[in-house]
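*Asks:* Could you have a look at this structure, given as structure tokens, before my questions?
The values are calculated or read from the model by the stated rules, or taken from the named source; none is laboratory data. Here the structure is a predicted model, which means the values were calculated and not measured. We place every Cβ from the backbone using ideal geometry, glycine too, and count neighbours over all the protein chains shown. SASA here: full protein model, heavy atoms, side chains in, ligands and nucleic acids out. Shrake-Rupley method; radii C 1.70, N 1.55, O 1.52, S 1.80 Å.
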Amino acid sequence: MYDLSKSHFDNQKRIMDNIQEQNQIAERDRNPVIQIEDSIIRHVKDFESNLKDEQEVMILAASFGSSVTFYVSAIEFNRPNLIIFHGTTETGGSTRLIQHCNQLNFLLQAVPKHDPDEARTPIGFTHDR
């Protein structure tokens, strides 16, 4: 006869939760974007928290001896290995920087707001899950 007691169902739930947690840990270990995602989010939010009201964030990305600076609206984590920065240039042009996680280098800069009359919008984060 089957034991249908509450403790049996609680044990089954704990086992399933444990399996799910172990699968998430294994996925994090296999995927470099997952490994650095939390760190990037933490560093960007910390940087933004120290901005003055009249400032916002620009990113300076350098590669092959050239660089580009742009206002960042979102950072997308596209698994398994890409990080995509969405934003606009100083002249208002649309920008999308796609970087492999092994080539990830960027400089956060505090600069005067592009539009001083607008409230600063925090950088958004999107996840390809």
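*Asks:* Take the conditions modelled with pLDDT of 90 or more, hydrophobic (A, V, I, L, M, F, W, C), surrounded by fewer than 16 Cβ atoms within 10 Å (Cβ to Cβ) and out of contact with any helix residue (DSSP H, G or I) (no Cβ under 9 Å at 6 or more places or on another chain) and apply them to I59. Does it pass? Please lay out each step first, then the result.
*Replies:* On the way: modelled with pLDDT of 90 or more: yes; hydrophobic (A, V, I, L, M, F, W, C): yes; surrounded by fewer than 16 Cβ atoms within 10 Å (Cβ to Cβ): no; out of contact with any helix residue (DSSP H, G or I) (no Cβ under 9 Å at 6 or more places or on another chain): yes.
Against the criterion (modelled with pLDDT of 90 or more, hydrophobic (A, V, I, L, M, F, W, C), surrounded by fewer than 16 Cβ atoms within 10 Å (Cβ to Cβ) and out of contact with any helix residue (DSSP H, G or I) (no Cβ under 9 Å at 6 or more places or on another chain)), I59 does not qualify.
*Asks:* So S66 ticks every box in (1) farther than 14 Å from I123 by Cα; (2) touching a residue at least 12 places away in the same chain (Cβ under 8 Å) but one. Which box is left unticked?
*Replies:* (2)
*Asks:* Would region 14-31 turn up any residue that is open to solvent by less than 40 Å² (accessible area, probe 1.4 Å) and more than 19 Å from I123 (Cβ to Cβ)?
*Replies:* We begin by selecting, within region 14-31, every residue open to solvent by less than 40 Å² (accessible area, probe 1.4 Å); these are 26, 31.
Imposing the further condition that a residue be more than 19 Å from I123 (Cβ to Cβ) reduces the set to 26, 31.
The answer is yes; a qualifying residue exists.
*Asks:* Here is a follow-up. Return the only residue of E90, E48, E54, E118 being surrounded by fewer than 16 Cβ atoms within 10 Å (Cβ to Cβ), in contact with a Pro (Cβ under 7 Å, 6 or more places away or on another chain) and more than 29 Å from A26 (Cβ to Cβ). Break it down stepwise before answering.
*Replies:* Numbers: E90 fails: in contact with a Pro (Cβ under 7 Å, 6 or more places away or on another chain); E48 fails: surrounded by fewer than 16 Cβ atoms within 10 Å (Cβ to Cβ); E118 fails: in contact with a Pro (Cβ under 7 Å, 6 or more places away or on another chain).
Sole residue among the options that is surrounded by fewer than 16 Cβ atoms within 10 Å (Cβ to Cβ), in contact with a Pro (Cβ under 7 Å, 6 or more places away or on another chain) and more than 29 Å from A26 (Cβ to Cβ): E54.
*Asks:* Do we have I41 as assigned to a strand (DSSP E or B) and either in contact (Cβ under 8 Å) with a residue 24 or more places away in the chain or in contact with a strand residue (DSSP E or B) (Cβ under 6 Å, 6 or more places away or on another chain) (or both) here? Show your work before the answer.
*Replies:* Details: assigned to a strand (DSSP E or B): no; either in contact (Cβ under 8 Å) with a residue 24 or more places away in the chain or in contact with a strand residue (DSSP E or B) (Cβ under 6 Å, 6 or more places away or on another chain) (or both): yes.
The answer is no for I41.
*Asks:* Out of everything in region 32-45 that is of a type in the set (A, V, I, L, M, F, W, C) and touching a helix residue (DSSP H, G or I) at 6+ places or on another chain (Cβ under 8 Å), what residue ends up being surrounded by the fewest Cβ atoms within 10 Å (Cβ to Cβ)?
*Replies:* Among them, the one singled out is I36.
*Asks:* Return a yes/no flag: does region 65-75 have any residue that is at pLDDT below 80, outside any strand (DSSP E or B) and exposed (fewer than 10 other Cβ atoms within 10 Å of the Cβ).
*Replies:* Yes, region 65-75 contains a residue that is at pLDDT below 80, outside any strand (DSSP E or B) and exposed (fewer than 10 other Cβ atoms within 10 Å of the Cβ).
*Asks:* A follow-up question, please. Go through region 76-105 and report how many residues are part of a loop (DSSP other than H, G, I, E, B) and either in contact (Cβ under 8 Å) with a residue 60 or more places away in the chain or over 13 Å from the mean Cα position of the chain (by Cα) (or both).
*Replies:* Our first condition is that a residue be part of a loop (DSSP other than H, G, I, E, B); within region 76-105, this holds for 79-81, 89-93, 104-105.
So of that shortlist, the ones also either in contact (Cβ under 8 Å) with a residue 60 or more places away in the chain or over 13 Å from the mean Cα position of the chain (by Cα) (or both) come out as 80, 89-93, 104-105.
The qualifying residues number 8.
*Asks:* Here's a check for you: in region 93-106, which residue that is at pLDDT below 90 and open to solvent by 80 Å² or more (accessible area, probe 1.4 Å) is farthest from E27 (Cα to Cα)?
*Replies:* Filtering first and then ranking leaves N105.
*Asks:* Looking at the structure I just gave you, is D53 touching a residue at least 60 places away in the same chain (Cβ under 8 Å) and not in a strand (DSSP E or B)? Lay out the reasoning, then the answer.
*Replies:* Details: touching a residue at least 60 places away in the same chain (Cβ under 8 Å): yes; not in a strand (DSSP E or B): yes.
Considered against the rule, which asks whether it is touching a residue at least 60 places away in the same chain (Cβ under 8 Å) and not in a strand (DSSP E or B), D53 comes out as yes.
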